[in-house]
1. I'd like to verify a number: residues in the stretch 77-98 that are in contact with a helix residue (DSSP H, G or I) (Cβ under 7 Å, 6 or more places away or on another chain) and not β-branched (V, I, T), how many?
2. Going through the stretch 1-25 one residue at a time, which ones are part of a loop (DSSP other than H, G, I, E, B) and aliphatic (A, V, I, L, M)?
3. Looking at S36, S14 in this structure, which one is farther than 20 Å from V103 by Cα, hydroxyl-bearing (S, T, Y), open to solvent by 40 Å² or more (accessible area, probe 1.4 Å) and over 14 Å from the mean Cα position of the chain (by Cα)?
4. Using the structure shown, decide if A63 is among the hydrophobic types (A, V, I, L, M, F, W, C), over 14 Å from V103 (Cα atoms) and open to solvent by 60 Å² or more (accessible area, probe 1.4 Å).
5. Give me the residue from the stretch 56-75 that is in contact (Cβ under 8 Å) with a residue 40 or more places away in the chain and in contact with a strand residue (DSSP E or B) (Cβ under 8 Å, 6 or more places away or on another chain) and, out of that set, farthest from F26 (Cα to Cα).
Amino acid sequence: MKFTVEITRPEKRSNLGYKTIYFTAFKINIIERYSSKGSFNFHHIIVKLRTVEDEIINTKTGAGRIKIEESDFPTYGRLVKALTSYEFRNKLIDRSKTEDEFVNFILSRMAWHYQL
């Protein structure tokens, strides 16, 4: 499955970070809220599934979003750190493997909440 990962770096003095994963038929928006400005300790991480036309696809329970559990923050943080690393940006490591790990992690957390 082909996809593209877009990372929007947090603005200075902001406690929000954004990532988007684009697929052919849908996209996944990830909103990260940090505990304090300039810190990268996650307060919560929200994931939304959208159509290409930006319509939110609801979960099985009717919610428009899911939250990543706190127990998954260390794994998520490790994957995000790899995506934003110097090595990744300068193509010193295998970019496709790093992106695949991140996307598989997100999809595995979403699989239980959406009807396939």
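1. Our first condition is that a residue be in contact with a helix residue (DSSP H, G or I) (Cβ under 7 Å, 6 or more places away or on another chain); within the stretch 77-98, this holds for 79, 82-83, 88, 93, 95, 98.
Among the residues that remain, those that are also not β-branched (V, I, T) are: 79, 82-83, 88, 95.
Total satisfying the criteria: 5.
2. Let us first name the residues in the stretch 1-25 that are part of a loop (DSSP other than H, G, I, E, B), namely 1-3, 9-15, 23-25.
Result: M1, A25.
3. Numbers: S14 fails: open to solvent by 40 Å² or more (accessible area, probe 1.4 Å).
Testing whether each residue is farther than 20 Å from V103 by Cα, hydroxyl-bearing (S, T, Y), open to solvent by 40 Å² or more (accessible area, probe 1.4 Å) and over 14 Å from the mean Cα position of the chain (by Cα) leaves just S36.
4. no
5. I68
The values are calculated or read from the model by the stated rules, or taken from the named source; none is laboratory data. Keep in mind that this is a model prediction, so the values were computed, not measured. Counting neighbours? That spans all protein chains shown, and the Cβs are built from the backbone with ideal geometry, glycine included. To get the accessible areas, we keep the full protein, side chains included, count just its heavy atoms, and leave off ligands, DNA and RNA. Shrake-Rupley method; radii C 1.70, N 1.55, O 1.52, S 1.80 Å.
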